[in-house]
Amino acid sequence: MLYTKIIGTGGYLPPRIVSNDDLAVQLAEQGLETSDQWITERTGIRQRHIADKGMTSSQLGTQAARLALADAGIDASEIDLIIVATSTPDHIFPSTACLIQDQLGISGGAAFDVQAVCSGFVYALTTADALIKSGIANNALVIGAEVFSSILDWKDRGTCVLFGDGAGAVVLSKSSEPGILAAQLNADGSQHGILCTAGNVSYGEVVGDPFLRMDGQAVFKFAVNALTKSAQNVTAKAQLELSEIDWMVPHQANVRIINFIGRKLGMPTEKVVVTLDKHANTSAASVPLALDAARKDGRIQAGNVVLMQGVGGGFTWGSVLARM
Ligand SMILES: CC(C)(COP(=O)(O)OP(=O)(O)OC[C@H]1O[C@@H](n2cnc3c(N)ncnc32)[C@H](O)[C@@H]1OP(=O)(O)O)[C@@H](O)C(=O)NCCC(=O)NCCS
């Protein structure tokens, strides 16, 4: 039987760290009040990495891709598919995947972007898995890369404290050993308004609101219910029990959302990877960054069963269950 396996991971964060205290000072200059205590208690976030102006998703994604290739021990020339999940592409077109392909110095393979906001990585991983299993590709780079700071309204304290920038990447390869075991993707477009960046560029002008807007409480409730059911469904699809999952690598939006889901699934907190205290919500980059962090610090080992979950604007959500 043909499987696809994650054979390498990489993560890259822009060097500038902005702590909650730094942000409180920055917002105070605009007459807005926030505090480390408010942000930490409501979200678990303590700091985020912020890209300098001009730093792009393709630059962050290329760095993460290089690290993932080195970890996998394969040369970029062996990659015949690049899928980038991003909501902050460098351009309207060409895709960020094509720009990363160029920065890696390769050409010829397929390259395209996936737009599923914070679920983007699990959507991209599932797509790459299907393309490898169907014989269309052999070795894929799946990358989540975001400069979310560029679409935040830094005068909206309800959203600007939640997000950060970064990129995570995995190398996925054809294998005779079990790798990706099951996946489930979902969307409910009727909920598009609860988390969106509604503006666009048209006829040479920005039309509408170019900043991220969110109904935080609606997103919170939707995420908990959707991801709980998704975890149960994908585990059943793989004919596993929830107790057989070694690690949960959830989207890093809010530690309270993660804890709610963990409790509903009976997942001990020691089995849940949390990086949002350091990274905040990096949208499509959050899951591959967390996966990489837990592999590199030795928690996730070869053979472990890992549940990766994304949820975000659209509304979109999904789960991928993989044996590492
Ligand atoms: C955003 C979120 C942290 C807000 O927490 P909450 O408990 O729902 O807080 P509320 O929005 O009800 O706001 C409570 C108060 O805090 C205030 N507040 C909002 N942001 C604040 C900030 N950064 N600092 C201080 N006060 C803040 C609000 O203005 C409100 O004040 P009021 O009671 O005087 O009106 C929470 O809803 C959340 O995490 N939702 C999910 C968001 C998410 O994960 N999005 C990404 C999904 S991919």
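The values are calculated or read from the model by the stated rules, or taken from the named source; none is laboratory data. As the structure is a computational prediction, the values presented were derived from the model and not from experiment. Please note: Cβ atoms are built from the backbone with ideal geometry, for glycine as well, and neighbour counts cover all protein chains shown.
Matching residues to (1) among the hydroxyl-bearing types (S, T, Y); (2) more than 14 Å from the ligand (Cβ to nearest atom):
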{"site": "I136", "(1), (2)": "no, yes"}
{"site": "A169", "(1), (2)": "no, yes"}
{"site": "I194", "(1), (2)": "no, no"}
{"site": "Y203", "(1), (2)": "yes, yes"}
{"site": "F220", "(1), (2)": "no, no"}
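Can you confirm whether segment 270-293 contains a residue that is part of a helix (DSSP H, G or I), more than 16 Å from the ligand (Cβ to nearest atom) and crowded, with 23+ Cβ neighbours inside 10 Å?
In the first step, residues of segment 270-293 are kept if they are part of a helix (DSSP H, G or I); the result is 270-271, 276-279, 283-293.
Keeping just the survivors that are more than 16 Å from the ligand (Cβ to nearest atom) gives 270-271, 278, 291-293.
Now narrow it down to the ones that are crowded, with 23+ Cβ neighbours inside 10 Å: 291-292.
Yes; the residues of segment 270-293 include at least one that is part of a helix (DSSP H, G or I), more than 16 Å from the ligand (Cβ to nearest atom) and crowded, with 23+ Cβ neighbours inside 10 Å.
Got at least one residue in segment 114-129 being surrounded by fewer than 19 Cβ atoms within 10 Å (Cβ to Cβ) and not polar (S, T, N, Q)? Walk me through how you get there before you give the answer.
So in segment 114-129, the residues surrounded by fewer than 19 Cβ atoms within 10 Å (Cβ to Cβ) come out as 115.
After this cut, where a residue has to be not polar (S, T, N, Q) as well, the list is none.
Checked segment 114-129: no residue is surrounded by fewer than 19 Cβ atoms within 10 Å (Cβ to Cβ) and not polar (S, T, N, Q).
Can you go through K237, K229 and tell me which one is surrounded by 13 or more Cβ atoms within 10 Å (Cβ to Cβ), closer than 20 Å to K264 by Cα, in contact (Cβ under 8 Å) with a residue 12 or more places away in the chain and not small (G, A, S)?
Numbers: K229 fails: in contact (Cβ under 8 Å) with a residue 12 or more places away in the chain.
So the residue among K237, K229 that is surrounded by 13 or more Cβ atoms within 10 Å (Cβ to Cβ), closer than 20 Å to K264 by Cα, in contact (Cβ under 8 Å) with a residue 12 or more places away in the chain and not small (G, A, S) is K237.
Considering Q59, Q47, which residue is modelled with pLDDT of 95 or more and under 13 Å from A167 (Cα atoms)?
Values: Q47 fails: under 13 Å from A167 (Cα atoms).
On inspection, the qualifying residue turns out to be Q59.
Mind listing whichever residues of segment 37-55 are surrounded by fewer than 19 Cβ atoms within 10 Å (Cβ to Cβ) and not aromatic (F, W, Y)? Break it down into steps so the answer makes sense when it comes.
First pass over segment 37-55, keeping only residues surrounded by fewer than 19 Cβ atoms within 10 Å (Cβ to Cβ): 37-38, 40-42, 46, 52-55.
Of everything in segment 37-55, those that are surrounded by fewer than 19 Cβ atoms within 10 Å (Cβ to Cβ) and not aromatic (F, W, Y) turn out to be Q37, T40, E41, R42, R46, D52, K53, G54, M55.
State which residue is nearest to V161 (Cα to Cα) when the search covers only segment 192-213 and only residues that are in contact (Cβ under 8 Å) with a residue 40 or more places away in the chain and more than 20 Å from the chain's Cα centre (by Cα). Break it down stepwise before answering.
Quick first cut of segment 192-213, residues in contact (Cβ under 8 Å) with a residue 40 or more places away in the chain only: 192, 194-197, 201, 210-213.
Still in the running and more than 20 Å from the chain's Cα centre (by Cα): 201, 210.
Working: V201: 26, P210: 17 Å.
Top of the filtered list is P210.
For segment 1-110, give me every one of the helices (runs of 4 or more DSSP H) that falls completely inside it and has 1 or more residues that are over 22 Å from the mean Cα position of the chain (by Cα). I'd like the intermediate steps shown before the answer.
Details: elements: 20-28, 36-43, 57-72, 96-103.
In segment 1-110, 20-28, 36-43, 96-103 are the helices (runs of 4 or more DSSP H) which contain 1 or more residues that are over 22 Å from the mean Cα position of the chain (by Cα).
Please determine, by comparing only the residues of segment 205-218 that are in a strand (DSSP E or B) and within 14 Å of the ligand (Cβ to nearest atom), which one is farthest from A253 (Cα to Cα). If you could, list the steps in order and put the result at the bottom.
Restricting attention to segment 205-218, the residues satisfying the condition of being in a strand (DSSP E or B) are 205-207, 213-214.
With the extra rule that they be within 14 Å of the ligand (Cβ to nearest atom), the set shrinks to 213-214.
Working: R213: 15, M214: 13 Å.
Taking the candidates together, the pick is R213.
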